[in-house]
Amino acid sequence: MELKRIDELKGGEILAKPIMTWDYQIMLPEGAKLKKEYIDKIIELGIFYVYVKEEKMEEGELVILRSEIEENIKSKVRDILERHTYHHNQELEELSLETDRIISTILEEDQVVEKVFDIKERSFDLYEHSISVCTFAILTALKLKADKSMIHEIGVGCLLHDIGLRYITMDFNGIALTSMNKQQIAEYKKHPVYGFSNLKTEGWISKISKNIVLYHHERLDGSGFPLRIREIPFECRIVNVCDAFDEMICGIGCKRVKVYEAIEYLKNYKDILFDAEIVDTFLAFTAVYPSGTHVLTNEGEVGVVLSQNKNFHERPVLRIIKDKAGNDVEGVLIKDLVKVHNIYIEKALD
C-alpha cells in the first residue's frame, strides 16, 4: 500500500485502509473504490491523506484463468459443495461440467502450454484452492500430452480432492503439521479417507478421480498419508505436485510461504517426494517472481516485476523504483535481467 495526498488522487484508486470519522465510524471501508464524488467529500471533511493499494502493472501479468471467470467458477463450486451433505452426492455431478468449463477456458488461451503464468500466494479458501489445483493439474497434464479423457478425470478429482476437509472440525489454516498434537495430526490425515469413503460408491465418478481424492497426499518415498504407498498412479502424481505447491502458497496444514520458496521446495524434493518430470513440467509454466512482486537486486535497488522471460524464470523484467541509496527513481527505469547479466534478484520483499 502507499500513502497518497488527496490532491494526488484521480479517482478509481482502491483503499488499502478504511477512512474513519473522528469518532471511529467507518466512512469508507478497505477495498472501496474512490469515486470522484467521494474524493470531494473527503476533502470537505478535512482529510488530507489516505492509504491506497499500489497500482499493479497489469499489462505484464498473465494468469491461467481470468479473474472474472475464476470467480464465477468458484461461486458455482462453492454453491455445489456447500449444498452437499454426507451421502447426498447427486448435485456433485455438476462439478463434471465445471471441469469441462475450466478445460475449455484454458484451451482458449493462445499457445497456452508455451506461456509462463503469474501464480501468487494468497489466503486460504477451500474452493479457490480446489480450482487452483484443478487448473495447475490440467495445464500440467496438457503439457505432458495426456489424453482428453484423463485430463477431464484429473480435473474432476481435483475439484473433489479436499472434500474430506469439510468433515474435520480442527483448525488447519496456516498451521504446520509439526505444530499440531498427535490427535490433531491423526484427524487431519484422515481427510483423504473421509473424502474417498463419501464418493467410492458413486457411479459417475471414475476410478481415476476417486484415486486422486484418496492419494493426493501420498509421496514417492512412502512418507505420505493416509496409506503411505510408494506406487502412485501417474494422474495422482500430477495432483501431488500441484496440490503441495498450492497448499504452501495459501497455508493448508502448513505456514504460508512465498511462491519462490514453494518452488525451491519442489526442486529440492523432486525424485524424492515428487515425480521429477512432473515437477519440471509444472515449474516450466510457473513464474518464480510473479508480476507485481517487489524485489531487491544484488545492487541494492528495489524493483517491481513487470513481466516474465520464457526459459529464464528467475530473471524477469523489472521496473526499478528505488535506487541503491533508497531514493525514489524519477521517470521509468526498466531492466530486463536476461539482457543485463550482472544483476540478479537477491530476494522478494514483503
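If each DSSP helix of 4+ residues adds -39,500 (n - 2.57) and the sum is divided by the residues in the chain, what number results at 222 nm, nearest 500 deg cm²/dmol?
Working: 11 runs with 133 residues, N = 350.
For the chain, the value works out to -12000 deg cm²/dmol.
Averaging sequence separations of C-alpha pairs under 8 Å and six or more residues apart, then dividing by the length of the chain, give the relative contact order as a whole percent.
14
Taking amide H positions as placed 1.01 Å from N in the peptide plane, with prolines and chain starts having none, which residues 5 or more places from MET20, or on another chain, fall under 5 Å of its amide H?
HN-HN under 5 Å from MET20: MET27.
Roughly how many percent of the accessible protein surface of segment 218-350 is carbon and sulfur, given a 1.4 Å probe and a whole-percent answer?
48
So how far, in whole Å, is the C-alpha centre of segment 81-122 from the one of segment 268-341?
28
Rolling a 1.4 angstrom probe over the protein heavy atoms, how many square angstrom per residue are accessible across segment 137-222? Working shown, then result.
Values: 3620 Å² over 86 residues.
On a per-residue basis, 42 Å².
Once you put a point 7 Å from the Cα of ASP350 and another 7 Å from the Cα of ALA32, both along the Cβ direction, what distance in nm separates them?
If labels sit at ASP350 and ALA32, their model points lie 2.8 nm apart.
Which residue, SER130, SER179, SER209, has the most motion in a Gaussian network model of the chain that connects Cα atoms within less than 10 Å?
SER179
The values are calculated or read from the model by the stated rules, or taken from the named source; none is laboratory data. Source: prediction; values computed, not measured. Methodologically, a virtual Cβ is constructed for each residue, glycine included, from the backbone with ideal geometry; neighbour enumeration extends over all protein chains shown. Only protein heavy atoms, including side chains, enter the accessible area calculation; ligands, DNA and RNA are left aside. Shrake-Rupley method; radii C 1.70, N 1.55, O 1.52, S 1.80 Å.
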